[in-house]
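Input: a single structure, listed below in structure tokens.
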Amino acid sequence: MTSSPLIIGTRGSPLALAQAHLVARAVEEAQGWAAGTVAIRTVTTSGDRIQDRPLADIGGKALWTKELDRALLAGETDCSVHSMKDVEAIRPDALRIAAMLPRADVQDRLIGAASVAALARGATVGTSSPRRAAQLKQRRPDLNTVPIRGNVDTRLAKLAAGEVDATLLAAAGLDRLGRGTTGVAIDLLPAPGQGAIGIECRAGDGRVETLLAAIDHHPTHVAVAAERAFVRALGGSCHSPVAAQATVKDEMLTFRCELLSEDGRCHIYREAWFAAGDLDGPADLGRAMLAEAPDAVQALFTG
């Protein structure tokens with residue numbers, strides 16, 4: 001055995017590194033390897049370098065993945081660790097999402113107020129997520145939402161400096177950074193893939209696929225796969241406010257999803273049930289919802 005039988009590629013943010021270490025420990029425990037056997041290599045992505053503009057304006061979710069993809073395809077790493085909510089719905093054929101860890105809390109947390117209702121009239125909320133912005137405005141049309149980028153500490157510093165009155169962050173990320181008491185959970189349907197850590201490798205790399213299969217959490221994998229099939233069918237982008245959550249019980253999926261206009265005034269919600277592993281059902285549901293959606297929603301997915 002070499003000193004590093006597996007090299008994980010990851011972004012260098014504190015959260016990304018925390019997630020990479022979770023994967024490394026899971027592989028080491030599954031294989032009976034000593035701690036530190038799995039190597040972690042950081043890769044700086046375009047999304048890390050460009051912090052002054054919303055993702056949707058500068059290339060979308062690929063800004064988090066393209067440099068990791070290059071390192072993986074070049075053989076510099078054996079796999080990449082991703083937050084699944086940040087991974088494009090359509091991935092290169094040469095790569096395969098081979099495993100996911102058990103899903104964490106899928107909720108969003110509001111920081112800066114005790115609840116959405118408690119926000120002052122006209123309050124400014126920092127979020128670069130079209131989904132979160134639309135969901136907030138659906139509930140509180142008076143709120144002002146502005147883009148806010150950067151890692152968790154950067155966003156919290158902007159809040160502390162008074163640049164915004166409140167912000168929203170994923171509970172899973174806060175928990176993984178040891179900030180589980182930060183903010184209050186709010187009832188928003190999450191982004192597809194939220195709370196899930198995915199591990200991607202080269203398609204056909206049997207050795208790595210076998211290592212990753214040992215840590216794959218089946219219920220999480222089939223749930224997130226269904227959510228991603230739904231998004232692929234919509235043809236959505238980072239401009240498209242879309243939410244979806246699949247939960248698995250007894251090999252059946254409960255699937256909740258919604259599409260919104262940017263201002264939250266137009267909204268279409270559905271709940272459906274599918275067999276675990278069925279990707280056609282969620283995709284068909286997405287196409288049907290889009291066909292009946294108001295023009296203000298359709299334009300965000302077909303334009």
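The values are calculated or read from the model by the stated rules, or taken from the named source; none is laboratory data. If you're wondering where the values come from, they're calculated on a predicted model, not measured in any experiment. Here Cβ is always computed from backbone atoms with ideal geometry, including for glycine, and neighbour counts include all displayed protein chains.
Criterion applied to A123, A89, A118 was being in contact (Cβ under 8 Å) with a residue 60 or more places away in the chain and either in contact with a Cys (Cβ under 6 Å, 6 or more places away or on another chain) or of a type outside the set (D, E, K, R) (or both), and the one residue passing it is A89.
Under the condition of being surrounded by 14 or more Cβ atoms within 10 Å (Cβ to Cβ), in contact (Cβ under 8 Å) with a residue 40 or more places away in the chain and out of contact with any helix residue (DSSP H, G or I) (no Cβ under 7 Å at 6 or more places or on another chain), the residues counted in the range 140-165 number 6. Can you say whether R256 is of a type outside the set (S, T, N, Q) and free of Cβ contacts under 8 Å to residues at least 60 places away in the same chain, as far as the supplied structure shows? Considered against the rule, which asks whether it is of a type outside the set (S, T, N, Q) and free of Cβ contacts under 8 Å to residues at least 60 places away in the same chain, R256 comes out as no. T182 passes every criterion in (1) under 19 Å from the mean Cα position of the chain (by Cα); (2) at pLDDT below 95 apart from (1). Scanning the range 263-283 for residues that are assigned to a helix (DSSP H, G or I) and more than 22 Å from the chain's Cα centre (by Cα) yields a total of 0.
The condition of being in the same structural domain as D69 (by TED's automatic domain parsing) and over 20 Å from T220 (Cβ atoms) does not hold for P147.
The residues on offer are T182, T210, and the sole one that is hydroxyl-bearing (S, T, Y) and assigned by TED's automatic domain parsing to the domain that holds S13 is T210. Hey, can you tell me all the residues within the range 62-118 that are of a type in the set (S, T, Y) and crowded, with 21+ Cβ neighbours inside 10 Å? T65, T77, S80, S83 - these are the residues of the range 62-118 that are of a type in the set (S, T, Y) and crowded, with 21+ Cβ neighbours inside 10 Å.
Residues that are aliphatic (A, V, I, L, M), farther than 12 Å from F301 by Cβ and surrounded by fewer than 21 Cβ atoms within 10 Å (Cβ to Cβ) within the range 228-284 comprise V248, M252, A272, A275, A276, L279, A283, listed in sequence order.
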